[in-house]
Every structure is written in structure tokens, then in C-alpha cells.
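Q: Okay, here's the structure, questions in a sec.
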Amino acid sequence: MRPIKLTIPLALALLFGIFGFGIQYVVHPWAADTKEVIALWSRVIGGIATLLGIYSLVHLHMTKIQRKQEGWGYSLFFFLGFLVITAAVVYNGGRWLLSAKVEQSVYDLLYEALYVSAGATMFSLLGFYIASAAVRTFRARSFEAALLLAAAIVVMVGQVPIGAMISPYFPGISEWALSVPNMAAKRAIMMGVSLGAIATSLRIIFGLERSYLGGGD
Amino acid sequence: MRVPWSDPRVIFPLVAGAIALGLLVHVKQPIEPQESVVAVHDYIQQLPKGSAVLLAVDFDPQAMAELRPMTEAIIEQCLDQDLHVVGMTFWPLGAQLGYDMFKTVADEPRFRDKEAGRDYVYLGYKPGDLSQVITNMGENLLTTFPQDYRNRPTGTMPIFRDVKSLRNVKYIIDLAAGSTPDAWIIFGGDKYNVPMAVGCTAISGPDLYVRLKNHQINGLVAGLRGAADYETLLQKAGLGVGGMFAQSLIHVMIVLFVIAGNVAFFVGKRRQRRRG
């Protein structure tokens, strides 16, 4: 089993890793066509992965219901939502799935009335929690925390029109905080992450990193 | 020391009240558009008639409050300028929202002469790895999207007569609630040498300053404030400008909450020290 579980996957990773990397530097039309084919395959795999995701989701909620695990009632709502939306998409206002999408259909109604409202509401709740957290947790416990606090206040006030009404300096200081210290930190993080990604990719290509194969060794 | 009114039962109604007041009472505030927003507006303004602009509508209803006003303002400006607008999304749950936004703008009486497939097209959602799909679009837009959102074949659409791939697009704008701008910049803008801008939620704005200052994007429209700036530039007050007073009130309120929380914290600390 060793060749199937280890040697072949490592060889494929090496082959496709070097090929996928190298082809980016070839300007021949063949390379462009090949890139297009690879991208197409990737999309097909993406589609199959979606099916796998649906299976996994259904399996998870089915198991929850069967075992009557805590909160299993919510899983019923998953199936309700999943089946109703799927039925609405397949029915497509009486013209069925493969026809052009019908406007003002049941799906549109469900999307507008349920999903848009629920999604916007969920995100809006954040505003309330941020305000609550501001009172409870945002403390100047140290010099660094005080600095962060001051920067946050300046940026928050500087980003809204009332900031310029309070003081004409607010927008300028806010812009400076975003363009200079913020950018320096972000650049450092980005470079670190990119170097890490390159190192990890090379480790995978050359078979040094094998955790993606599963198993303990 | 605990702030006496720090209970959510007090804070939440205060926040709700401030938002309601801000939305119901229209207080005009001077809005000075930020440079990064002006850059997007001006770039679109100078594009020759008939140029193709790609709008990636990469968000869903959760970020709608911030991103919808700016998306509609940009579509409107493009149609006003007689540009060809191509829309698409990488967010499955944003596909219908994108369609709604295009339809809302195109249905305005002054755009009655604009036709789907000729002046604008909404291609909908495309699954798959972002880098691969963008690469596909860079090589061939029509094989990536053989049909638009309403299943109409794209091959016969006049809008695609001169636009075969990303290389023929004059401007890419990613309106994003997530991490799609990175992929668009790396695999779209940089690789195919297409100028790019990003519209994003306020929280993602600071992340994109690096791209802006590196000139990987030539403009940035961030948050509802960005939308308000854009609407100001178009001289059409919409949801962005309309939401500015509410946002100003909430920002000031949160700053006051932070100050009050810290005053209580230091007073409590001092009392503790006195007690020994």
C-alpha cells in the first residue's frame, strides 16, 4: 500500500508543483492553452467539491437528528431551508431548472424576504456588540493599549464627516495613521505570510511536508 | 469599577435609538470626498465611450448596507458615461443581489435606452478556485461564462464583440466583503495589466491601503463613507449620504463609551489602591 498512499501522491505533488509553477514563465501559446485547460479542470473539481460539501452538510445534520444531539432541532431547519430553496430553484416559476431564470419567482421572494433580511440583520447585530464591547473591554491597561486606543478613536472620528466638524485635523491624522503605521505593519505581515506560503509550497513540492496526506507520520 | 450603564439592556437601546435618529433626522454634513475615492471616480470619467469595465460584485446581503450604495453609484456612472459594464460574482449567495443591483440601476428611466447584452451584462456566479477562474477569464471570457445569469448565450452578445478576455477590459473594480481583492489584484490586474480599484467594507479598508500605496490599485472606496463620497462626486445623494449622520452619531457614541469605560476603569483602580 505504500506506493499508493505515499509514493504516488508525493510524485504527483512534485510533478504538478514544478509544472504548475514553471508554466507561468512560458510565453508560448501552448502554455496559455494548457493554463486554460488546468483552470477548467480546477473549476470542474470545484463543482465536485461543492457536491461533496453538500453531502457532508447533510450527513452532519442527519447524524445530529438521529442521535438527538444538543440543538438537533436547528438541524430540522437546515433541511427545511435546503429543501424549500432547492425546490424553488428547480421549479423556477414553472419553467424548471434548465430554462432562463424566471423573475419574480418563489426563489426571488425567498431570497429577498428571508435571506437578505436575515443576513443584513445578523451583520447589523455586530454594531450593538461592538458598542457593548467598547464600554466593557477597551481599556488603556498599558502604554501600547493606550496608543491603540488613541489611534482607534482618531481613525473612528476621522472617518466620518462629523470628525472634520469637530476638528479639521481629524481626517488628516486618520489618513496618516492608515497610510503610514498601519501600512508598515500590514506590509510586514504580508511579507511574512508570503515567505511562509512559499516555504510551505516548496516543502510540499519536495515531499518534506506530508501532513496533507493524512496519517500521523 | 463597572460602568453603571454598561448593561446591554441599556447600551443596545441607546445604539438603536442613535441609529434610528440618524436615519430619520436628516442633518446635512459637509462631505469632503477622500482622494482614493476621487481617483476611482476620475478614472471612470476619463475612459473612452464603449470601454469595458468589469465589476466583480463579491459580497452577499450581510455587507449590503455598506457595499450596495457604492456598487449602484459606480454602475450608474459607467452607464452614464456610455461604458460597457460586465458584472459577475464569486459569492454564490451574492449572485441574485448582483443581478438586483444591475436591474435597479438599468431600470431607471434615464437608462431606458440601455440594453442588457449590449450596454451591460450580469454573468452571475462562477464556482472554482479564484486564481483559476480569473486566469480562465484572462485567457477567454466567453468559455468561462458561456451564459449570463439568465442563461442567455454570451457568444452572440454585442457587448462581447471586442471583449474576448480580461486583456480587453479597461478597468476592473472588485466590490468585496472578503478576501477576493487579493486574487483579483494578483491574477487579474497585475497579470493582465488591467488597472484596478477596490470597493470594500470599512473593516477591510486598512488591509487594502498596502495595495493602494503600492499602486496595485489606483483607487479605494471603503465603507459607507466611501459610498457617501462617491455619491457626493456624482452629485446624487443616495443611501451612502443618507447614512452618514447615523454613522457619525454611532462613531461618536462608541468613542464616548470607550472614554466612559476607561474613566470608570481608572477610578476603580484608584479606589482599589486607596483601600490597600
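Q: Report yes if some residue within segment A:156-178 is acidic (D, E), farther than 30 Å from A:A88 by Cα, facing chain B (nearest Cβ under 9 Å) and surrounded by 16 or more Cβ atoms within 10 Å (Cβ to Cβ); otherwise report no.
A: Yes, segment A:156-178 contains a residue that is acidic (D, E), farther than 30 Å from A:A88 by Cα, facing chain B (nearest Cβ under 9 Å) and surrounded by 16 or more Cβ atoms within 10 Å (Cβ to Cβ).
Q: Additional query: Give the residue, chosen from B:D148, B:D113, that is in contact with a Gly (Cβ under 9 Å, 6 or more places away or on another chain) and among the acidic types (D, E).
A: Being in contact with a Gly (Cβ under 9 Å, 6 or more places away or on another chain) and among the acidic types (D, E) holds for just one of B:D148, B:D113, which is B:D148.
Q: Could you list all residues from segment B:18-31 that are surrounded by fewer than 11 Cβ atoms within 10 Å (Cβ to Cβ) and within 12 Å of chain A (Cβ to nearest Cβ)?
A: B:K28, B:P30, listed by residue number.
Q: List the strands (runs of 3 or more DSSP E) that sit entirely inside segment B:49-143 and contain at least 3 residues that are hydroxyl-bearing (S, T, Y) and either under 21 Å from A:A39 (Cβ atoms) or touching a residue at least 12 places away in the same chain (Cβ under 8 Å) (or both).
A: B:120-125
Q: Any residue in segment A:47-73 that's more than 30 Å from B:V133 (Cα to Cα): show its pairings with residues that are among the small types (G, A, S) at Cβ separation under 6 Å, as long as the two are six or more apart or on different chains.
A: Matching pairs, first to second residue: A:H61/A:S75; A:K64/A:S75; A:I65/A:S75.
Q: Scanning for something under 25 Å from A:S179 (Cβ atoms) and either modelled with pLDDT under 95 or of a type in the set (A, V, I, L, M) (or both), does segment B:10-29 turn up at least one residue?
A: Yes, that holds for at least one residue.
Q: Now for a separate question. Restricting attention to segment B:201-220, and to residues there that are within 13 Å of chain A (Cβ to nearest Cβ) and either part of a strand (DSSP E or B) or of a type in the set (S, T, Y) (or both), which single residue is surrounded by the most Cβ atoms within 10 Å (Cβ to Cβ)?
A: B:L220
Q: Considering only residues that are exposed (fewer than 13 other Cβ atoms within 10 Å of the Cβ), over 29 Å from the mean Cα position of the chain (by Cα) and in a helix (DSSP H, G or I), which ones fall in segment A:99-144?
A: A:F143, A:E144
Q: Also, quick follow-up: Restricting to segment B:133-148, name every residue that is facing another protein chain (nearest Cβ under 7 Å) and surrounded by 22 or more Cβ atoms within 10 Å (Cβ to Cβ).
A: B:V133, B:T135, B:N136
Q: I've got another one for you. Give B:G117, B:G94, B:G98 a once-over and let me know the one that is touching a Leu at 6+ places or on another chain (Cβ under 9 Å) and modelled with pLDDT of 90 or more.
A: Working: B:G117 fails: touching a Leu at 6+ places or on another chain (Cβ under 9 Å); B:G94 fails: touching a Leu at 6+ places or on another chain (Cβ under 9 Å).
Sole residue among the options that is touching a Leu at 6+ places or on another chain (Cβ under 9 Å) and modelled with pLDDT of 90 or more: B:G98.
Q: Listed residues A:K5, A:K68, A:K64, A:K35; which is among the charged types (D, E, K, R), at pLDDT 90 or above and surrounded by 11 or more Cβ atoms within 10 Å (Cβ to Cβ)?
A: Exactly one residue qualifies, and that residue is A:K64.
Q: List pairs: first in segment A:129-151 and at the interface with chain B (Cβ under 9 Å from one of its Cβ atoms), second part of a helix (DSSP H, G or I) and among the β-branched types (V, I, T), Cβ under 6 Å, 6+ apart or cross-chain?
A: Correct list of pairs: A:A131/B:I11; A:A131/B:V15; A:A131/B:I254; A:S132/B:I11; A:A134/B:I254; A:A134/B:V258; A:F138/B:V258.
Q: Given (1) under 28 Å from the mean Cα position of the chain (by Cα); (2) within 14 Å of chain B (Cβ to nearest Cβ); (3) more than 30 Å from B:F187 (Cα to Cα), where does A:G93 come up short, assuming only one miss?
A: Evaluating A:G93 over (1) under 28 Å from the mean Cα position of the chain (by Cα); (2) within 14 Å of chain B (Cβ to nearest Cβ); (3) more than 30 Å from B:F187 (Cα to Cα) leaves (1) as the failure.
Q: Yes or no: B:K236 over 25 Å from the mean Cα position of the chain (by Cα) and among the charged types (D, E, K, R)? If you could, list the steps in order and put the result at the bottom.
A: Numbers: over 25 Å from the mean Cα position of the chain (by Cα): no; among the charged types (D, E, K, R): yes.
The answer is no for B:K236.
The values are calculated or read from the model by the stated rules, or taken from the named source; none is laboratory data. Since the model is a prediction, treat every value here as computed from it, not as a measurement. Backbone-built Cβ (ideal geometry, glycine too); neighbour counts: all protein chains shown.
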